[in-house]
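Inspection log for the structure reproduced underneath, given as structure tokens.
The values are calculated or read from the model by the stated rules, or taken from the named source; none is laboratory data. Worth saying up front: this structure is predicted, and the values here are computed from it rather than measured. Glycine gets a Cβ as well: all are built from the backbone with ideal geometry, and neighbour counts include every protein chain shown. Note: areas computed on protein heavy atoms with side chains; ligands, DNA, RNA excluded. Shrake-Rupley method; radii C 1.70, N 1.55, O 1.52, S 1.80 Å.
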Amino acid sequence: MIVCGDDGLAHRLAAELRGVYAEQVTLVVPPSGRRVRQPVVGRARAASAALLDRVVNATVNRTGTSAEPASNEQVVEAPEITEAVLTEVGADRAAALALVYDDDETNIRAALTARRLNPRIRLVLRLYNRRLGQHIEELLDQTAAVASGDGQGAALDASTTVLSDADTAAPALAATALVGTSKVVQTEGLVLRAVERQPPRPGEVADPGLCTLALLSATSNDPAGADGSEGSGEHGPHLLPDEAAVAAATGRGTVVLEQVSYSGPSLPAGRGGVPPFASLFSRRLRWSLAGLVACVLALAVGLMIVTGEHPLYATYVTLLDLFGINDPAFHESTARQVLQLLSGLVGLLLLPVLLAAVLEALGTFRSASALRKPPRGLGGHVVLLGLGKIGTRVLTRLRELHIPVVCVESDPDARGMATARRLRVPVVLGDVTQEGVLEAAKIHRAHALLALTSADTTNLEASLYARSVRPDLRVVLRLYDDDFATAVYRTLRAAHPFALTRSRSVSHLAAPAFAGAMMGRQILGAIPVERRVLLFAEVDVAGHPQLEGRTVGEAFRAGAWRVLALNTSPPGRRRGEGEGGEEDSAPASGLVWDLPPTYVLGAGDRVVLAATRRGLAELLGRRRRDRAGA
């Protein structure tokens with residue numbers, strides 16, 4: 001296995017392949033002086049700096065960080081990925097290659113070179129542009145099929161998978177904006193949430209939801225507890241327990257799977273950027289238009305009474321008088337002449353009102369492309385800091401769930417500004433470290449804060465300040481280093497035991513999906529359970545003796561994997577993508593959830609299952625050994 005990258009995702013991915021799948025890994029990184037480092041903001045407040053020093057010291061003392069690579073990892077430094085570098089690290093005979101540079105062009109260039117050197121290598125690319133990623137994936141797969149000559153035999157091993165760390169981490173980061181949930185995964189147009197529930201009281205029976213995913217650690221309520229650590233043993237979280245384990249667990253919370261149904265306040269969402277009709281005109285103008293319509297109707301009724309004509313004809317004649325295109329009523333009755341004069345007067349009043357309506361409508365459409373300010377009285381919303389790669393994807397996820405969002409961004413040319421304009425999301429331009437910026441985003445009435453900027457100290461400082469304004473505010477921090485995220489989480493939890501705080505490393509959330517793709521699986525999503533990860537994957541039953549020919553009940557293995565649903569959608573359709581690689585607004589779900597335990601899994605079935613990382617590794621390892629023996 002070869003991993004090439006220039007940031008923390010490459011190192012995390014290499015550790016995932018070594019620790020979970022026991023693979024030999026060659027890690028290719030830039031020279032030390034050219035590696036991408038996390039930007040540091042120098043204007044952190046004293047409280048932020050003090051906490052930063054404290055958690056860094058705690059992290060160093062606990063982990064004893066070392067720069068020495070593991071025994072089954074080879075580290076190669078190269079300024080750029082060339083054909084000579086790929087040949088040196090053995091890309092011509094490697095099973096899989098991951099290209100996780102932060103630059104899309106670098107990954108594409110290296111992928112084309114690697115496919116030419118080894119048509120059967122499995123490629124995993126990190127690309128932010130989903131539309132381009134779909135085309136690149138098809139191109140590289142077609143190249144592998146042509147080079148192999150069989151067109152099908154190479155499809156299994158020489159597959160190309162394009163992933164985005166932003167897309168992979170966005171559901172978990174956006175999940176805290178949902179009431180009662182802290183983890184989210186999307187599959188086949190459905191949004192599923194993993195809800196943490198407190199232990200049931202005596203005499204109560206907990207609702208299992210779709211299924212029980214995990215038992216929380218016994219030390220989850222202890223601020224100093226090593227929740228989720230590998231060394232916590234029986235006190236740690238128990239993933240995918242059976243019914244007996246759930247029934248025997250006392251005093252431990254559970255994580256259950258449910259379908260998301262958000263019922264909180266929401267902002268009106270226009271279609272295609274078109275504002276609602278009521279917002280086109282001001283209230284005064286709407287009343288003016290209504291008054292003119294009433295006058296026209298009154299004149300038409302009066303003409304019908306005077307002349308005895310049909311109502312439609314009377315209305316027609318009134319409109320002709322209104323616009324001044326009817327003949328003068330010289331030889332008509334006095335009442336008819338008075339009605340004609342009144343219609344002409346109403347016509348004179350109609351002209352400026354129509355002009356004002358046109359100008360207001362044009363101004364509304366023109367301002368629809370500009371940044372919106374947070375509306376007065378807004379509350380229960382999510383404050384999102386940072387509109388970079390991660391923030392833009394999280395913003396899209398939140399708006400798909402119709403959750404009200406207010407964004408804060410210091411760069412007017414940030415990547416996500418166009419998305420915010422298109423979704424008509426309020427944006428506050430300013431540095432979150434400056435006084436008044438978070439207040440402008442109405443942080444005092446917000447439901448949650450998502451600090452997703454690229455600077456750890458900025459996210460930490462914003463979180464500390466938000467805590468001083470709202471001690472019960474739900475906070476999620478995006479932190480660069482996983483160990484640092486763990487230390488910050490424990491410190492903030494100890495300082496605010498009654499508030500929900502989550503610190504997340506994007507590399508920690510994205511690495512399992514990239515590793516799974518390198519091993520030849522389709523990962524749908526990952527849900528963190530304390531400091532462990534539970535994966536959702538789509539698996540073809542054929543070739544897996546642990547699944548094929550077995551019932552759903554027999555296929556379940558406690559602590560390893562569990563069949564959740566049967567996927568009946570066409571295999572060729574890409575999950576969550578429409579034509580051109582864009583996400584469907586409401587893709588049809590092809591998942592059957594209510595599978596009876598006696599349902600027999602056939603060779604032609606595709607199932608969605610929840611599994612631990614080691615459980616999926618076992619499934620894949622058995623299949624690989626069977627193919628090698630054949």
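Kindly sort 445, 93, 12 by accessible area of their heavy atoms, largest first, with the probe set to 1.4 Å.
In descending accessible area the options line up as 93, 445, 12.
Amide H of residue 406: which non-local residues (sequence gap of 5 or more, or other chain) have their own amide H closer than 5 Å, using H built in the peptide plane?
Result for residue 406 returns 382, 383, 384.
Starting at the first residue of segment 468-477, write each ³J(HN,Hα) from the Karplus equation 6.51 cos²θ - 1.76 cosθ + 1.60 with θ = phi - 60°, in whole Hz, x for Gly and Pro.
So the Karplus estimates, Gly and Pro as x, are 5, 7, 10, x, 9, 5, 7, 10, 10, 10 Hz.
Taking amide hydrogens as modeled 1.01 Å from N in the peptide plane, which residues meet the under 5 Å criterion relative to residue 213, leaving out close sequence neighbours?
Answer set, sorted by chain and number: 255, 256, 257.
Which length gain, in nm to one decimal place, applies between residue 568 and residue 109 when the Cα-Cα distance is subtracted from 0.36 nm times their residue separation?
161.6 nm
Quick one: which residues, 5 or more positions from residue 28 or on another chain, have an amide H under 5 Å from its amide H? H modelled 1.01 Å from N in the peptide plane, none for Pro or chain starts.
3, 4, 5, 76
From the phi of every residue in segment 398-414, what ³J(HN,Hα) in whole Hz does the Karplus formula 6.51 cos²θ - 1.76 cosθ + 1.60 yield, where θ is phi - 60° and glycine or proline is x?
So the Karplus estimates, Gly and Pro as x, are 5, 6, 4, 8, 6, 8, x, 9, 10, 9, 10, 9, 8, 9, x, 9, 5 Hz.
Along segment 23-29, what does the Karplus equation 6.51 cos²θ - 1.76 cosθ + 1.60 (θ = phi - 60°) give for ³J(HN,Hα), rounded to whole Hz, x for Gly and Pro?
Here the 3J(HN,Hα) series is 9, 6, 10, 10, 9, 10, 10 Hz.
Describe numerically, in nm with one decimal, the distance between label points set 7 Å from Cα along Cα→Cβ at residue 83 and at residue 312.
Label at residue 83, label at residue 312, 7.9 nm between them.
Roughly how far apart, in whole Å, are the Cα centres of segment 285-348 and segment 448-494?
67
Once R0 is set to 30 Å, what does the formula 1/(1 + (r/R0)^6) return for the Cβ-Cβ distance between residue 495 and residue 117, expressed as a FRET efficiency to the nearest 0.05?
0.05
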